[in-house]
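The structure under discussion appears below in the form of structure tokens.
The values are calculated or read from the model by the stated rules, or taken from the named source; none is laboratory data. Worth saying up front: this structure is predicted, and the values here are computed from it rather than measured. Cβ placement follows ideal geometry from the backbone for every residue including glycine, while neighbour counts extend to all protein chains displayed.
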Amino acid sequence: MIRTVVFDLGTVLAPGTDIYTAPAALLGVTPEAIEAHYWEGRRAYDDGGSAETYWHALLERVGAEVTPGIAARLERQDAEAWMPLRPEAHELVADCQEQGRHIVVLSNAPMAMVDTIAHAEWRGLVDDVYVSAELGFSKPDPRIYATVQENLLCPPAQVAFIDDRLPNVEGALAFGWQAHLWISDADSRAWLNSLGIPLVG
């Protein structure tokens, strides 16, 4: 029986619709320029690296000026862009909660996400949140799965995990969790149904 459901945040629950367009508008560059460099250096940022290091490097790559306070503005803007959940994903999390499952969000994300998630409108649907920057390591590092597992009242085989990146799924499988590569909200719902969580729809 699955007792805990662990969701990745970005893509799996939150589409991050404005992650390229919002900073592009702020900086006066194209969204395509932001997209081309957004993920460069992101692993170090998600592991707890400074906002200044990440954003100043991105500014240099897109040809934008580094001005006082710009990194902090971009940091806040970026965190907020990852907060809105798709309606179908929101409903899926709520349905899992209604079925009495322990709900966890496990996200590779920078420190700004810690406080932003704490105030997200969906935070009440989730029992525990783990942000990689706060831990100092990110998926698929085996330590991140072990950290979550330490706080669960069930064995690894009773944990279901959904992520949109194959290495993260493989890391969870190696740890002993049930794990699934995200395709869509409907597919996530069907997979959880197949594990014995009676979700309608």
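General remarks:
- Residue match in the range 69-78 (condition: of a type in the set (G, A, S) and under 23 Å from P140 (Cα atoms)): no
- Of the helices (runs of 4 or more DSSP H) entirely within the range 5-63, those holding at least 1 residues that are more than 19 Å from the chain's Cα centre (by Cα) and without any contact (Cβ under 8 Å) to a residue 40 or more places away in the chain occupy 21-27, 31-37, 51-62.
Yes/no per residue for (1) in the same structural domain as L9 (by TED's automatic domain parsing); (2) touching a helix residue (DSSP H, G or I) at 6+ places or on another chain (Cβ under 8 Å); (3) of a type in the set (A, V, I, L, M, F, W, C):
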residue	(1), (2), (3)
R43	no, no, no
V62	no, yes, yes
T67	no, no, no
I70	no, yes, yes
V93	yes, yes, yes
I103	yes, yes, yes
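- In the set (1) touching a strand residue (DSSP E or B) at 6+ places or on another chain (Cβ under 8 Å); (2) of a type outside the set (G, A, S); (3) crowded, with 16+ Cβ neighbours inside 10 Å, P140 fails one condition alone, (1).
- Here W82 passes the criteria (1) surrounded by 16 or more Cβ atoms within 10 Å (Cβ to Cβ); (2) among the aromatic types (F, W, Y); (3) free of Cβ contacts under 8 Å to residues at least 60 places away in the same chain except the one numbered (3).
- Residue count for the range 1-52, restricted to those that are β-branched (V, I, T) and farther than 24 Å from D185 by Cβ: 3
- Test: residue in the range 36-51 that is in contact with a strand residue (DSSP E or B) (Cβ under 6 Å, 6 or more places away or on another chain), at pLDDT 95 or above and either farther than 20 Å from N108 by Cα or of a type outside the set (A, V, I, L, M) (or both): no
- Where W82 falls short, out of the listed (1) more than 30 Å from N193 (Cα to Cα); (2) in contact with a Gly (Cβ under 6 Å, 6 or more places away or on another chain): (1)
- Checking S194, S132 one by one, the residue that is surrounded by 20 or more Cβ atoms within 10 Å (Cβ to Cβ), small (G, A, S) and at pLDDT 95 or above is S132 and no other.
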